[in-house]
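Single-structure report; data block below.
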Amino acid sequence: MTDASSAIRRISCHLDFEVAGDVALALQIAPASTAGDVLEERLDVTIDGRETHLPVTELAADRAGRIHVLRSAAAGVLGISYAATIRPVTIPVAPVATDDVVVDAEAIVALRQSRYCPSEAMTGFAAAELADSRGPDLARAAASWVFERLAYQPGWSGPFDTAVDTLLAGAGTCRDFVHLTISLCRALGVPARFVAVYAPGISPMDFHAVVEARRGSGWEVLDPTRLAPRSTLVRIATGRDAADTAFATTLRGRAELTSYEISTVSDGDLPPDDHRTVTALA
């Protein structure tokens, strides 16, 4: 049987935009450079179904995400197709279980409240709801609390909904589950951040989001939706919240996303995940 941590991943996405005039886009759809060895990779751009040779520039290649910039595209239906085959790197050893969180630049950024995670407004609520949780398992308790309290509803929320909106609604998408979990963690002093991923096994297939919470000197990956086994995830981008990890950002002009299709496949059977085992993401 193929080990889940080393099984080949085959990922792809296709995005269609209606473009009214000259437009520039920034895309975060390729796996992060830490995710593994890219065996094959292709990025194609079409206008009204016709192949083009528009220049695409890659600006970054680290854990935060690889950004591809399309600097100019004419009016019409702009199609972006990306596909890659990845051999994952060895997943890091599970973070040490300790009450002490190592404070460094990453941890400080992951403690700050952000656009979709107003953690300072949730301090009292988080302390009351998670009063019995302490130490390195606090973040996992927060993710479990969100899983048990919220209803997963694709298409439920709007693009401007914060963690507070999600808490009041009692429902949301993976993005909303993650924003609420991050807010609860930060409110209780646990650095937490947003990770956009490709996720084999989720249905309907889509881009997915999970949480990374600081555990000692490492980061533990948590999925408050429990929709996918964490050992098969492929990191795309990492940030404070969804604003830092958007798969498409309009830099100039107007581009309306009209359709998209995601595919993520892992060799072998998908492994079980009890969502209690400490798991790290490459």
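The values are calculated or read from the model by the stated rules, or taken from the named source; none is laboratory data. As the structure is a prediction and not an experimental result, all values here were calculated from the model. Methodologically, a virtual Cβ is constructed for each residue, glycine included, from the backbone with ideal geometry; neighbour enumeration extends over all protein chains shown.
What to note about this one:
- Residues that are more than 13 Å from THR181 (Cβ to Cβ) and touching a Pro at 6+ places or on another chain (Cβ under 6 Å) were ranked within segment 102-119; the one that is surrounded by the fewest Cβ atoms within 10 Å (Cβ to Cβ) is ALA107.
- Among the residues of segment 10-59, the one identified as among the basic types (Lys, Arg) and modelled with pLDDT under 95 is ARG50.
- Inter-residue pairs, beta-carbon under 6 Å, first closer than 28 Å to ARG193 by Cα and in segment 243-256, second basic (Lys, Arg), 6+ apart: ALA243/ARG115
- Qualifying residue in segment 161-179 (condition: within 21 Å of LEU27 (Cα to Cα), under 15 Å from the mean Cα position of the chain (by Cα) and of a type in the set (Phe, Trp, Tyr)): no
- Any hit, segment 96-109, residues being in contact with a strand residue (DSSP E or B) (Cβ under 9 Å, 6 or more places away or on another chain), at pLDDT below 90 and not aliphatic (A, V, I, L, M): yes
- Single residue of segment 27-68 satisfying the filter (in a strand (DSSP E or B) and crowded, with 17+ Cβ neighbours inside 10 Å) that is farthest from the chain's Cα centre (by Cα): THR46
- Segment 173-210, residues that are within 20 Å of ALA151 (Cβ to Cβ) and touching a helix residue (DSSP H, G or I) at 6+ places or on another chain (Cβ under 6 Å): ARG175, ASP176, PHE177, HIS179, LEU180, THR181, SER183, LEU184, HIS208, ALA209
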